[in-house]
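The values are calculated or read from the model by the stated rules, or taken from the named source; none is laboratory data. All values reported here derive from a predicted model rather than from experimental measurement. Virtual Cβ from ideal backbone geometry, glycine too; neighbours counted across all protein chains shown.
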Amino acid sequence: MKRIVVKIGSNILADERDGLDAGKVASIASDVAAVHDSGYDVVVVSSGAIAAGMGKLGLKEKPKDIKLKQAAAAAGQSILMWAYERSFATYGKKVAQVLLTREDLSDRKRYINSKNTLLTLLSFRLVPVINENDTVATDEIKFGDNDNLASLVASLVEAERLIILSDVDGLFTEDPRHSSRARLIRRVDDITPEIEKTAGSAGSIIGTGGMYSKVLAAKRAVTHGIIVHIISGRKAGLLPSLMEGVNHGTLFVPKTEKMSSRKGWIAYGSRSKGSLVIDDGAVKALVERGKSLLPSGIVSVEGNFDTGDAVYCRDIKGNRIAKGLTNYSSSEIERIKGRKTSEIENTLGYKYSDEAIHRDNLVLL
């Protein structure tokens, strides 16, 4: 399958004083069109609506008030899409706007609908341009940043690669903007806590993420067997060159054991509605023996959730061990926690399953 997702941040497309840079949009469209012409399906995940709308509303810095953010997004999204429409048309390409919120991917039915829509657009050789629907998104339904959204989209469309365009050349040992000793890390085989620490957590006046969010996005994507690159988005021609086999930026090597699309959705797409605190025996059963979670291993219940909702499994110390889809509601688990499977029916008056969470619906974190 020849399919890639290209993520473009606000820092690449916009200037904090002048708003959207149409010339930069045109340059990126040229590179994406070249890759598209080589036979790849390309999905673009693009920030920039709020930055574009800032100029339209006369704002000098990124708004902090949610109403102003939503207004800027509404004002800027049309500017952003028109820039893409015009730029891609130069190369005979057609684009399609897709706006998503967190709920579109956390709900299983909407997740499948989103996937079907995107695959249909790709079958017509269109270039979907995806952005978070900032006009209606609130903190409760936001992805957090478009790096996270891009990693979810890459899994959604079963992409071969996720390519994140950054305002630096890749992941460095230190921040290259502040240290002359910084060295580019060309390859990352395993995203360890040390690698995450190296990425830091800096953002900017225009963007919401930083290198840290890009590394977290890479961490999610590689579990699906997706190759991830972080390269400079400020240098024209790197994207086609990369797809021709030339090394640029930082390569994140995918996991050899690919997580299924469904389990990937459970781990990263679904929204947790609560937690089950489990004892040491249950932790061992899940992690070492690959077992399902039984009611007998549950110590306490946090949150309110229904049957089929996603919940975290935490150990006594609060560490997240796993995430899964529960067979019982929070009120039901409160009644059967610590009990043997043979006691479930006598306690509730019925029994859906022997397991609180079946192994097939459970992902170790």
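Here are a few things to note about the model shown:
Listed here are the residues, each with its yes/no results for (1) in a helix (DSSP H, G or I); (2) more than 30 Å from residue 258 (Cβ to Cβ); (3) more than 30 Å from the chain's Cα centre (by Cα).
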residue: 301; (1), (2), (3): no, yes, no
residue: 304; (1), (2), (3): no, yes, no
residue: 307; (1), (2), (3): no, no, no
residue: 312; (1), (2), (3): no, no, no
residue: 323; (1), (2), (3): no, no, no
residue: 339; (1), (2), (3): no, yes, yes
residue: 345; (1), (2), (3): yes, yes, yes
residue: 353; (1), (2), (3): no, no, yes
residue: 360; (1), (2), (3): yes, no, no
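- Among the numbered conditions (1) under 36 Å from the mean Cα position of the chain (by Cα); (2) surrounded by fewer than 19 Cβ atoms within 10 Å (Cβ to Cβ); (3) not in a loop (DSSP other than H, G, I, E, B), the only one that residue 333 does not meet is (2).
- Residue match in segment 221-236 (condition: outside the structural domain of residue 198 (by TED's automatic domain parsing) and in a loop (DSSP other than H, G, I, E, B)): no
- The set of residues from segment 253-276 being over 25 Å from residue 102 (Cα atoms) and touching a residue at least 40 places away in the same chain (Cβ under 8 Å) comprises just one member, 253.
- Which listed residue, of 152, 171, is within 26 Å of residue 237 (Cβ to Cβ), touching a helix residue (DSSP H, G or I) at 6+ places or on another chain (Cβ under 8 Å) and touching a residue at least 12 places away in the same chain (Cβ under 8 Å): 171
Here's the yes/no breakdown for (1) modelled with pLDDT of 95 or more; (2) assigned by TED's automatic domain parsing to the domain that holds residue 227; (3) small (Gly, Ala, Ser); (4) crowded, with 19+ Cβ neighbours inside 10 Å:
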position: 258; (1), (2), (3), (4): no, yes, no, no
position: 281; (1), (2), (3), (4): yes, no, yes, no
position: 284; (1), (2), (3), (4): yes, no, no, no
position: 292; (1), (2), (3), (4): yes, no, yes, yes
position: 298; (1), (2), (3), (4): yes, no, no, yes
position: 305; (1), (2), (3), (4): yes, no, no, yes
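- For segment 264-294, filtered to residues that are part of a helix (DSSP H, G or I) and in contact with a Phe, Trp or Tyr (Cβ under 8 Å, 6 or more places away or on another chain), the residue that is farthest from residue 217 (Cα to Cα) is 265.
- Considering each residue of segment 291-303 in turn, none proves to be out of contact with any helix residue (DSSP H, G or I) (no Cβ under 9 Å at 6 or more places or on another chain) and basic (Lys, Arg).
- Put simply, of 48, 23 the only residue that is farther than 24 Å from residue 117 by Cα and either modelled with pLDDT of 90 or more or surrounded by 17 or more Cβ atoms within 10 Å (Cβ to Cβ) (or both) is 23.
- Tally of residues being closer than 17 Å to residue 68 by Cα and touching a residue at least 60 places away in the same chain (Cβ under 8 Å) across segment 20-55: 5
- Test: residue in segment 58-68 that is among the hydrophobic types (A, V, I, L, M, F, W, C), closer than 25 Å to residue 27 by Cβ and either buried (at least 19 other Cβ atoms within 10 Å of the Cβ) or assigned by TED's automatic domain parsing to the domain that holds residue 151 (or both): no
- Taken together, 166, 155 contain a single residue that is under 15 Å from the mean Cα position of the chain (by Cα), assigned by TED's automatic domain parsing to the domain that holds residue 113 and within 25 Å of residue 127 (Cβ to Cβ), which is 155.
- Residue in segment 247-263 that is part of a strand (DSSP E or B) and among the aromatic types (Phe, Trp, Tyr) present: yes
- Each residue in segment 243-259 was checked for being more than 13 Å from residue 161 (Cβ to Cβ) and among the aliphatic types (A, V, I, L, M), and 2 of them qualify.
- Residue check, residue 321 of a type outside the set (Asp, Glu), surrounded by 21 or more Cβ atoms within 10 Å (Cβ to Cβ) and modelled with pLDDT of 95 or more: no
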